[in-house]
Amino acid sequence: IMRATHEAGFETAIHCWDHVKWQDGVEMANAPWTEIEMRRAHQRYVQIFGTEAPGQGAAGWQINAHALRMTQRLGYRWASDCRGSHPFVPVWNGEIVSCPQLPTTLPTLDELIGTGDLTADNVHLHLLRLTAEATQDHVFTLHAELEGGNWMPVFEQLLDVWKEQGYELVSMRQYLES
């Protein structure tokens with residue numbers, strides 16, 4: 001499925017080697033641990049797709065300075081390792097990291113469902129209220145196993161209304177180039 005998605009022209013990128021290990025360990029990890037984890041993911045990506053990864057999105061939006069440096073060494077054109085309101089070039093203790101960050105700007109469906117009165121049937125309405133006044137570009141992080149599975153109808157509704165709201169749905173590469 002991943003290869004077919006890539007071959008159909010959809011952008012693919014790296015999430016991580018081991019989601020739980022990364023999310024639980026990266027904050028306090030040293031440079032060797034971080035490099036091993038990132039190289040494992042990078043090598044597997046190349047093995048699966050036969051090409052270099054264009055970027056990454058860190059599990060749980062957890063990152064450290066060593067990982068930021070690795071995005072440069074691995075040649076990523078972009079990363080989406082954090083949350084925020086607009087793209088930026090990271091600076092860590094005065095060190096410029098040349099791999100731009102394209103932060104996630106919206107909450108994910110799984111974060112919202114079950115909070116307050118939000119359910120799978122109405123969560124899209126909450127997100128659509130957040131994007132109704134198109135004053136900025138947005139990055140929406142989704143989970144293929146959720147939005148591409150049981151929550152596909154909700155995701156389709158989001159896409160349809162976002163287009164009606166005037167948003168252009170683009171890849172991270174296209175967003176970066178804009």
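Please give the charge dipole size of the chain, origin at the Cα centre, charges +1 on K and R Cβ atoms and -1 on D and E Cβ atoms. Round to the nearest 20 debye. Each step should come with its number before you reach the end.
On the way: 12 positive and 23 negative charges, 144 e Å.
Charge dipole, the chain, about its Cα centre: 700 debye, nearest 20.
Evaluated with a Cβ-only charge set (Lys, Arg +1; Asp, Glu -1), region 10-51 carries a dipole of roughly 180 debye about its Cα centre, given to the nearest 20.
Over the chain, average the accessible area per residue using a 1.4 Å probe and give it in Å², no decimals. Each step should come with its number before you reach the end.
Numbers: 10250 Å² over 178 residues.
Here the per-residue accessible area is 58 Å².
Among beta bridges from DSSP that stay inside the chain, the antiparallel ones total about 40%.
In this label model, GLU133 and ILE1 are separated by 3.9 nm, measuring between points 7 Å along each Cα→Cβ vector.
Surface composition of the chain: carbon and sulfur make up 53 percent of the accessible area, probe 1.4 Å. Approximating the spin labels as points 7 Å out from Cα along Cα→Cβ, the GLU111-to-LEU159 distance works out to 2.2 nm.
The values are calculated or read from the model by the stated rules, or taken from the named source; none is laboratory data. Worth saying up front: this structure is predicted, and the values here are computed from it rather than measured. Every residue, glycine among them, receives a Cβ derived from its backbone with ideal geometry; neighbour counts consider all protein chains shown. Just the protein is used for accessible areas: all its heavy atoms, side chains included, with ligands, DNA and RNA removed. Shrake-Rupley method; radii C 1.70, N 1.55, O 1.52, S 1.80 Å.
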